[in-house]
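Working notes, structure below.
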Amino acid sequence: FVDVRTDDGNDASELFIKMLQSLGARVLTRPTPSVTHIVFKSGLPSTLTKHKLYDDPKPFLVGVAWVVECGEQRLHVDENNFLVADEDVR
């Protein structure tokens, strides 16, 4: 699931969705229990609330740099260098 917004609050997810799909990812239109990753930058507070409510193991909450790095390397890179701590957002 991708929730990326500009500083003005406009949805900027489409570019990252297309990048992920070109790498073979299936991108969901809303976060569900089957989601494995949430790509987040200045997104909606409800996205973080849903992430907090997931049972462990929670989906990876990663920044847009993870998508870019996966695209540059053309492979699934380790998420741990790109994690977003949901308590540090906003």
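Here are a few things to note about the model shown:
- If the segment from LEU53 to LEU83 were pulled out straight at 0.36 nm per residue, it would be longer than the present Cα-Cα gap by 9.1 nm.
- Each peptide in 58-68, 21-31, 40-50, 1-11 gets a packing score, the mean of other Cβ atoms within 10 Å over its residues, and the list from highest to lowest is 58-68, 40-50, 1-11, 21-31.
- The fraction of accessible area contributed by carbon and sulfur in segment 2-73 is 54 percent, rounded to a whole number (1.4 Å probe; ligands and nucleic acids excluded).
- Partners for LYS58 among lysines (Cα-Cα distance below 21 Å; same-chain residues under 8 apart left out): LYS41, LYS50
- Square roots of five times the Cα gyration tensor eigenvalues for the chain, Å: 19, 15, 13
- Multiplying the residue separation of LEU28 and LEU44 by 0.36 nm and subtracting their alpha-carbon distance yields 4.2 nm.
The values are calculated or read from the model by the stated rules, or taken from the named source; none is laboratory data. Remember, it's a predicted structure, so these values are computed and weren't measured experimentally. When we count neighbours, we look across all protein chains shown, and the Cβ atoms used for this are built from the backbone with ideal geometry, even at glycine. These accessible areas exclude ligands, DNA and RNA; they are computed on the full protein's heavy atoms, side chains included. Shrake-Rupley method; radii C 1.70, N 1.55, O 1.52, S 1.80 Å.
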